[in-house]
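Colleague: Below: one structure in structure tokens.
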Amino acid sequence: LTLFSVAMPALLLQTRWRIYIPIEHFKCKNNSDHLLMELQYRLLACYLLAINVATLITFGIDKLKAKRAKWRIPEATLLMMAAVGGSVGAWAGMKLWHHKTHHKKFRYGIPVIFALQIALAGYLWLA
């Protein structure tokens, strides 16, 4: 018994040894399925754009505050913004403003976070 046989019993054709799922069941059945999928991709793209722009601006604000010796944005906040999808904005902020480039947790951590996000996206795409 697999997840598919529990979730979609009417769609399955079961033989003695294996469970086969016809490929037609993975395609969009109608236009509303396609529109929903397109909406999800657009929302994800908007989220990623917004979080990356916000992270880039946050790195710039922190660099400005560092130059003026004022209250700083905590490093944990900067890393968390990168971890929730803003890794490209964090990397761009580091390069654009030369900010946090000597800190090992940023110099190595931001690319590792980005690589993990790419790996997770690839896994979810193929799953």
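Colleague: In Å², what does the accessible area per residue of region 88-127 work out to with a 1.4 Å probe?
Modeller: Heavy-atom accessible area per residue stands at 76 Å².
Colleague: Mind giving me the nanometre distance, one decimal, between the label points for Ile57 and Thr101, set 7 Å out from Cα along Cα→Cβ?
Modeller: It is 2.5 nm.
Colleague: Further, regarding this structure: Would you mind telling me the share, in percent, of accessible area of region 33-90 contributed by carbon and sulfur at probe 1.4 angstrom?
Modeller: 73
The values are calculated or read from the model by the stated rules, or taken from the named source; none is laboratory data. Remember, it's a predicted structure, so these values are computed and weren't measured experimentally. Virtual Cβ from ideal backbone geometry, glycine too; neighbours counted across all protein chains shown. Protein only, heavy atoms only, side chains kept; ligands, DNA and RNA dropped before computing areas. Shrake-Rupley method; radii C 1.70, N 1.55, O 1.52, S 1.80 Å.
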